[in-house]
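The values are calculated or read from the model by the stated rules, or taken from the named source; none is laboratory data. Please read all numbers here as calculations on a predicted model, not as lab measurements. Backbone-built Cβ (ideal geometry, glycine too); neighbour counts: all protein chains shown. When the accessible area is computed, the model is the full protein with side chains, heavy atoms only, and any ligands, DNA or RNA have been set aside. Shrake-Rupley method; radii C 1.70, N 1.55, O 1.52, S 1.80 Å.
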Amino acid sequence: MITRLRYCFSVILFTLCFTVFAQDFSISGKVVDANGSPIELANVIISVENGNTFFKGTSTGDRGFFKLENLSKTTYFIKISYIGYEDFDQKIILEGNLDLKIIQLQEIPESLDEVTVIARKPTLTRKPDRRIFNIENTALTEGSTLGVLKSTPGVIVSESSINIKSAPAAVYINNRKVQLTNEELIQLFENAPANSIKSIEVITNPPASYDADSGAVINIIMSKNLITGYRGSVFTNYTQGVFPRYNAGTSHYFKNDKINLNVNYSYTNKKINRDQDDTVNYLDNSNEIDQIWESNVNRNTWSETHNLNLNFDYYIDERNTLSLTSTGLYLPYFKYKIKNNTNITDDNQNFLSRFTADNLSRDDKYNIGSDLTFKHDFKNDASLTFNAHYTIYDYQRNQNVLSNFFDQNNMFDDSSEFKTLANQKTNIVTGKVDYNLPIDETSSFDAGIKYSNVKTDSDITRLDIIGGSEVINTDNTDAFNYDENVFAAYSNYSKSWDKWDLNIGLRVEQTNIEGESLTLSETNTQDYLNWFPNASLSHQISEDVSAKVNYKRSITRPSYTDLNPFTFFLNENTVVLGNPNLVPTYFDHYVIGTTFLDHFTIEAYYDNYDGDIVELPRQNNQTNVIAYTPTNLDKKTEYGFDFAFENYITDRWYLYAVTSFYNITEESDFGEGFIKQDQWSNYSVLQNVLFLLEDNSLNVNLTLTWVGKNLQQFQTIEDRLVSELSISKSVFNKKGVISLAIDDIFNLQDYDSSVQYLNQSSRSFVDSDNRFIKLGFRYNFGNTKLKTNAPDPDEEEREERKRLEDN
């Protein structure tokens, strides 16, 4: 104890001395690999007292540069390390600003069967515009990509969306946008292994190189294989919710001096249950209750899904790389069955009538997106990248709806039946060129251009079943063609000096949209040119305190489904409507914050939405029909305060905690009158990660997320608690991993919602199939006889002996 106190006192005294006598010297440099490529997120640590006392540390940026500032004249010991590479150690006598120039790390020259990769702990790196969750070679990589996202601070994964706090996030892989719907993304990531993920970037203020419709971004950075040779894995999972679910898959990796290949395949078979209780109060002209419709809805979904992901890099030479990535989703079987029983009463709960509506849908779809990228690195560290992308999406739905109506005496009265045939084919083509120029070790310039085109041809046919015959309902049959073109250009500049970091950018986009309803003979065109600036500024006030300020402007364009004037009937009294009069949403995001003592962060933010696009359930009190219709709100604002803490409490216990208090205000005029609602809410996360046993082979992750009562699209969502527990254990000499996950431990994840404004009055309770136990197993294998690119000393010795004997 005395020794520990003496050690702590020495460190404090040493730090105070350096603070008093600081002369603001610095140590900088650039870390690269054997090919001269920059190494990002390498650890750089300087120590004193013969390297035994840690003093200060940092990590390299995306171009391999690092800089340690506020140093005094003395002797340091510097250590630079990165997984899979030998450490760099050097003694430094600092007498002024020191530039170490280029520091080259060498790969560990051992074959696969000799390399022991020690599991590290996840780390969180903060930058002015993003947080980087580093998970490479941690226990998290033994699970799924979706599991990693759920463990990433600041990311919320719900049943049908991936959000950064309350805002939907655009998802990128290696800085390339994934053109999948939220449901498809969740399905893909649930089956994709995480063992090739390097880090997750949560970008709250994306630079100008990202599309203007990327308000917040999750960028999944994949690691390159460090070891030459082949390795692979197989996995399977069994999940028991209301019904059992199964999935299995395999991953394969291969690397030599010219290629890097990663292929993942998975198959999923599942049945998902959902129960929902709805109450709609239909009102008279005085907004008093006329009728009460209480519905009990049960929905079951059966599906079989195939996912295939390919990543291929071909190193033409040390300066030129050709890459191909492709993501495919094929859904050959999808059955969607809804059973709806609705009781109709008067305002005194006297029974009037009821009806049942059974909906059976069968879907067939596939979605394939591919990127071809060529990158050239210049001798001055500049780079030029060409990218081409193509996505094809094909979707078909065959729906049958049968409704039975019963009178006041609960006797059968009448029935109706109809079929809906819906088809959609979408093609997305993009091309872009990006140029990156490091001006010097502290500044860089980026510029680029991009073109994208989205074409969608869709049609819907309603067939009413009358007397056993199918009759086309021409009023609800249509074909719709959508054509969107976006031309974009951007520039971005970043600079670091003294204790400041600056990043400013500007993006300009010209949008041309045409939507044509062939049956209705309606054409909607939109043409607009917009400028999207962004800026990030941070300042290191002292060794323990930093401050930042961010600004970002972005856009959300109405999708083709939003603009499509189709009326899609879920049953005779529930429809989904498009709105051809929608306009884009413009979003302004402001943040000011500070980080202190390395572990605490406080931020204040303000968001302004101009014309926010929301899908509102609007009840028609004359026809008793609920229509889900996309609408532009007149105004929406959100502001709040975030408080975060993250640290390793001990070597085996990582803690992340955040709480956010925020206010949402929504305003709009629906024609019946002006409405304004606002709500204060709290969002809090407590995440605990434990690394147990001597070899850290047993890992436990418990995450609790509290989502307080909040306002979403004029709906009040009540409190809920999301709870997740995951346990993983390495077995078979760390070649296998057994995992157990439990979701919704306390059964508090389902929620109530209500609508109460003007002539709208309804409430709902949703019981999703989100309480389950999941058991998984993964086994890793590989040809451990394959060697790295490093020469084999024994083989060299044999060759030398043979050469001497031949002489």
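Considering every residue within the stretch 330-353, establish whether at least one is within 27 Å of Ile428 (Cα to Cα) and of a type in the set (S, T, N, Q). No - not one qualifying residue is present in the stretch 330-353. Take Glu201 and tell me if it is touching a Ser or Thr at 6+ places or on another chain (Cβ under 7 Å), surrounded by 19 or more Cβ atoms within 10 Å (Cβ to Cβ), among the acidic types (Asp, Glu) and not in a loop (DSSP other than H, G, I, E, B). Judged against the criteria, Glu201 is not a match.
Considering the stretch 346-359 alone, what residues qualify as being surrounded by 15 or more Cβ atoms within 10 Å (Cβ to Cβ) and farther than 14 Å from Phe405 by Cα?
The one that is surrounded by 15 or more Cβ atoms within 10 Å (Cβ to Cβ) and farther than 14 Å from Phe405 by Cα: Asn359.
Restricting attention to the stretch 419-452 and to residues that are under 30 Å from Ser361 (Cα atoms) and hydrophobic (A, V, I, L, M, F, W, C), the residue that is surrounded by the fewest Cβ atoms within 10 Å (Cβ to Cβ) turns out to be Leu421. For the stretch 97-130, a residue qualifies if it is in contact with a Ser or Thr (Cβ under 9 Å, 6 or more places away or on another chain), at pLDDT 80 or above and part of a loop (DSSP other than H, G, I, E, B), and the qualifying residues are Asn97, Leu105, Asp129.
I'd like the full set of residues that are over 17 Å from Asn309 (Cα atoms), more than 25 Å from the chain's Cα centre (by Cα) and open to solvent by less than 50 Å² (accessible area, probe 1.4 Å), limited to the stretch 228-242. Scanning the stretch 228-242 gives Thr228, Gly229.
Restricting attention to the stretch 527-547 and to residues that are charged (D, E, K, R) and more than 27 Å from Asn512 (Cα to Cα), the residue that is surrounded by the fewest Cβ atoms within 10 Å (Cβ to Cβ) turns out to be Asp544. If we only count strands (runs of 3 or more DSSP E) wholly inside the stretch 552-596, which ones have 1 or more residues that are more than 23 Å from the chain's Cα centre (by Cα) and at pLDDT 90 or above? Because the criterion is at least 1 residues that are more than 23 Å from the chain's Cα centre (by Cα) and at pLDDT 90 or above, the strands (runs of 3 or more DSSP E) in the stretch 552-596 that meet it are 574-577, 585-596. Within the stretch 701-720, being part of a strand (DSSP E or B) and surrounded by fewer than 16 Cβ atoms within 10 Å (Cβ to Cβ) holds for one residue alone: Gln712.
On the given criteria, is Ser739 open to solvent by 30 Å² or more (accessible area, probe 1.4 Å), among the small types (Gly, Ala, Ser) and farther than 30 Å from Gly611 by Cα? Lay out the reasoning, then the answer.
Details: open to solvent by 30 Å² or more (accessible area, probe 1.4 Å): yes; among the small types (Gly, Ala, Ser): yes; farther than 30 Å from Gly611 by Cα: yes.
Spelling it out, Ser739 is indeed open to solvent by 30 Å² or more (accessible area, probe 1.4 Å), among the small types (Gly, Ala, Ser) and farther than 30 Å from Gly611 by Cα.
Has the stretch 548-561 got at least one residue that is of a type in the set (Gly, Ala, Ser) and open to solvent by 40 Å² or more (accessible area, probe 1.4 Å)? Lay out the reasoning, then the answer.
Step one: list which residues in the stretch 548-561 are of a type in the set (Gly, Ala, Ser), which gives 554, 559.
Keeping just the survivors that are open to solvent by 40 Å² or more (accessible area, probe 1.4 Å) gives 559.
Yes, the stretch 548-561 contains a residue that is of a type in the set (Gly, Ala, Ser) and open to solvent by 40 Å² or more (accessible area, probe 1.4 Å).
Remark: pairs (first residue in the stretch 616-628, open to solvent by 30 Å² or more (accessible area, probe 1.4 Å); second residue part of a loop (DSSP other than H, G, I, E, B); Cβ separation under 6 Å; 6+ apart in sequence or on different chains) = Val625/Asn573. With respect to being among the β-branched types (Val, Ile, Thr) and open to solvent by less than 30 Å² (accessible area, probe 1.4 Å), Thr511 fits the description.
Within the span defined as the stretch 323-341, one or more residues are over 30 Å from Leu180 (Cβ atoms), more than 29 Å from the chain's Cα centre (by Cα) and at pLDDT 95 or above. If the condition is being farther than 30 Å from Arg771 by Cβ and either surrounded by fewer than 19 Cβ atoms within 10 Å (Cβ to Cβ) or at pLDDT 90 or above (or both), then the stretch 261-280 contributes Leu261, Val263.
Out of everything in the stretch 352-386 that is out of contact with any Pro (no Cβ under 8 Å at 6 or more places or on another chain) and not in a strand (DSSP E or B), what residue ends up being modelled with the lowest pLDDT? Among those residues, the one meeting the criterion is Lys379.
Scanning the stretch 294-310 turns up one or more residues that are among the hydroxyl-bearing types (Ser, Thr, Tyr), touching a Ser or Thr at 6+ places or on another chain (Cβ under 7 Å) and farther than 23 Å from Arg176 by Cα.
If the requirement is being part of a strand (DSSP E or B), closer than 30 Å to Pro580 by Cα and at pLDDT 90 or above, which of these qualifies: Asn688, Asn608, Asn663?
Numbers: Asn688 fails: closer than 30 Å to Pro580 by Cα; Asn663 fails: closer than 30 Å to Pro580 by Cα.
After ruling out the rest, the residue left standing is Asn608.
Candidates in the stretch 495-508 are the residues that are within 25 Å of the chain's Cα centre (by Cα) and in contact (Cβ under 8 Å) with a residue 40 or more places away in the chain; of these, the one that is surrounded by the fewest Cβ atoms within 10 Å (Cβ to Cβ) is Leu506. The set of residues from the stretch 643-678 being closer than 20 Å to Asp610 by Cβ and open to solvent by less than 70 Å² (accessible area, probe 1.4 Å) comprises Tyr662, Asn663, Ile664, Thr665, Glu666, Glu667, Ser668, Phe670, Ile675, Gln677.
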